[in-house]
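The values are calculated or read from the model by the stated rules, or taken from the named source; none is laboratory data. Everything numeric here is computed off the predicted structure, so don't read it as measured data. Ideal geometry is used to build each Cβ from the backbone, glycine not excepted, and the neighbour counts take in all protein chains shown. Note: areas computed on protein heavy atoms with side chains; ligands, DNA, RNA excluded. Shrake-Rupley method; radii C 1.70, N 1.55, O 1.52, S 1.80 Å.
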Amino acid sequence: VESNRIRDDFNAPTIAKGVKVSAPLAEQYKEERRKSGLIFSGIFNSTSGINRLNQFIAAENITKDLNPEYGSIQKLHTRDTDIITFCEDKVLKVLAQKDALFNADGNANVTSNAAVLGQAIPFVGEFGISKNPESFASYGYRMYFADKARGMVMRLSRNGLESISAKGMQSYFYDKLNLSNRIIGTFDVRKGNYNLTLVEEYPETGGISSAIDTISYKEEAQGWPSRKSYIPESGLSLNSIYYTFKNGELYSHDNETRNTFYGSSAEKSSVKLILNSNPSEI
């Protein structure tokens, strides 16, 4: 038994729970999933010992709702002081603590704003990340991702959205992206490759049914110069070393023996040259 009196003294003032406010609700109280909205918590500063990550004060304008026609938000990525928001059917830039005022000529002037999340500015192009946020990879100012719904692989840079699948691989991605259940994107900093792994997976069987391909896009070549024999589960670059994961294990590709990945050897590398033995005939 715990006493509710101050100092547990006889006839001392009691500690009460105070007045409780009760109000009826017109709708049933239940959890709500806001697929096209953002909410910003309080700040976290380890130096001064401030941790307000559990504070969500709606009176401070910390919410931001996007157009639900763009689909659900699949991926958030910070670039400079903005938040790049990848929806299913659109890519937007959400300004942080600032707004953009547009003049009559279309030029924008950035002004300060008390709200944490400011104006949402869409990038030109009806492209999104579909429901494959795992295809996202970034390096520097460039971001790469796959849009399965439109059969495209996209790059977002200072020039805006651009289809890199159209550089000699348009028909390939139209066919293969439609068959892929998982689209894994990684970036190899050392070689400058955006590696895209296409996997046909059946979750109900608990395993991979068919690994389609791993192909690489290189900025210097402005195309897709190579295919890989390994099928990773995920990957990243750290301190100029490219790592991938397989069966929960971490592998460094700088220490791999040629044609040997994840402890097993693949076929020998080869180059097949296509020659026309009869140049006069088509």
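Descriptive notes on the structure:
- Some residue of the stretch 253-271 being modelled with pLDDT of 80 or more and under 20 Å from V189 (Cβ atoms): yes
- In the stretch 59-81, of all residues being open to solvent by 80 Å² or more (accessible area, probe 1.4 Å) and more than 26 Å from E134 (Cα to Cα), the one that is farthest from the chain's Cα centre (by Cα) corresponds to A59.
- Tally, over the stretch 118-145, of residues that are more than 15 Å from I73 (Cα to Cα) and either assigned to a strand (DSSP E or B) or in contact (Cβ under 8 Å) with a residue 40 or more places away in the chain (or both): 9
- The residue pairs whose first member lies in the stretch 69-85 and is basic (K, R), whose second member is assigned to a strand (DSSP E or B) and open to solvent by less than 30 Å² (accessible area, probe 1.4 Å), and whose beta carbons are closer than 6 Å, counting only pairs six or more residues apart or on different chains, are K75/F86.
- Output for the stretch 163-197, where each listed residue is part of a strand (DSSP E or B) and of a type in the set (A, V, I, L, M): I183, I184, L196
- When the stretch 145-195 is limited to residues that are open to solvent by less than 70 Å² (accessible area, probe 1.4 Å) and among the charged types (D, E, K, R), the one that is nearest to Y243 (Cα to Cα) turns out to be D188.
- The number of residues in the stretch 9-35 being modelled with pLDDT under 80, open to solvent by 100 Å² or more (accessible area, probe 1.4 Å) and over 30 Å from N67 (Cβ atoms) comes to 7.
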